[in-house]
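A short worksheet on the structure shown next.
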Amino acid sequence: MTDDYQIMHQCIDRAVTLERHKGRFLRALRKSLPRLHHNIQLPQNDGPLHLTCFVIRYIQAVPEWLHQIESLCQAAGVDFEPVREVIGHSFSQPPERHPDQVGLAALLDDAYLAHRVLEEVNEQLQPVCGVPLLPMDTMVANLVVRELLGEQFACELDELCIQLGDRYRNQRLGPESLVALILCRQQFNQTPGEWPDFAGELQIGLRTPTLMLDTDTLH
């Protein structure tokens, strides 16, 4: 993997370790539960814990999924490096604090950016090969995270995602590139366990899109 992916892994590992030792994200969710529970459907048995587990898995999936879509693009001769660099830079530029003190909340917007970019690139390249590039559906997961981030901030991130996705609008591939892309994609279809439904597996859903959660309470 490139340095960008290594940096992502390091940032994520530190944030997960910090949460295990300090539990700051979980405590913030427990405080926010009276507002949160009206909008995000959680299991009755310790919903905030399930939501914290969901956020960890959502963030942890980013490097591998990005790396795999880059592999697809490389197989087809499509340049994914500019997208990867933007997301890698986002992860490597946390808030102004010691790197070891950057928790889950500080990486949640970076993860949302990455997952939404995956959606946009999928949408733009799907007409080229006739099927989605990656065999996952993160729509519900992204909507739940959108609720955590707040509508205004999420809209700002969406604008950047659309700009990055537009790089692949009207992309054309020759027959050899198309065959290489499809063959590469088939490898991913053989490993369904690597494309989980984070929200569904943890019994998390979305009731209404009206929650505005102050992310400062999650830092």
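The values are calculated or read from the model by the stated rules, or taken from the named source; none is laboratory data. What you are looking at is a predicted structure, and each value in this text was computed from that prediction instead of being measured. Positions of Cβ are backbone-derived with ideal geometry, glycine not excepted, and every protein chain shown enters the neighbour counts. Note: areas computed on protein heavy atoms with side chains; ligands, DNA, RNA excluded. Shrake-Rupley method; radii C 1.70, N 1.55, O 1.52, S 1.80 Å.
Answer with yes or no whether residue 20 is modelled with pLDDT of 90 or more and open to solvent by 10 Å² or more (accessible area, probe 1.4 Å). Lay out the reasoning, then the answer.
Details: modelled with pLDDT of 90 or more: yes; open to solvent by 10 Å² or more (accessible area, probe 1.4 Å): yes.
Yes.
So which residues in the range 150-173 are without any contact (Cβ under 8 Å) to a residue 60 or more places away in the chain and open to solvent by less than 60 Å² (accessible area, probe 1.4 Å)?
154, 155, 157, 158, 161, 165
Could you go through the range 96-105 and let me know if any residue there is at pLDDT 85 or above and in a helix (DSSP H, G or I).
There is at least one residue in the range 96-105 that is at pLDDT 85 or above and in a helix (DSSP H, G or I).
Using beta carbons and a limit of 9 Å, which pairs, at least six apart or on different chains, have the first residue in the range 67-78 and without any contact (Cβ under 8 Å) to a residue 60 or more places away in the chain and part of a helix (DSSP H, G or I) and the second one open to solvent by less than 40 Å² (accessible area, probe 1.4 Å) and among the basic types (Lys, Arg)?
Here the result reads 70/84, each pair linking the range 67-78 to a residue that is open to solvent by less than 40 Å² (accessible area, probe 1.4 Å) and among the basic types (Lys, Arg).
For the range 130-149, what are the residues that are touching a residue at least 40 places away in the same chain (Cβ under 8 Å) and surrounded by fewer than 18 Cβ atoms within 10 Å (Cβ to Cβ)?
Those that are touching a residue at least 40 places away in the same chain (Cβ under 8 Å) and surrounded by fewer than 18 Cβ atoms within 10 Å (Cβ to Cβ): 131, 135, 137, 140, 143.
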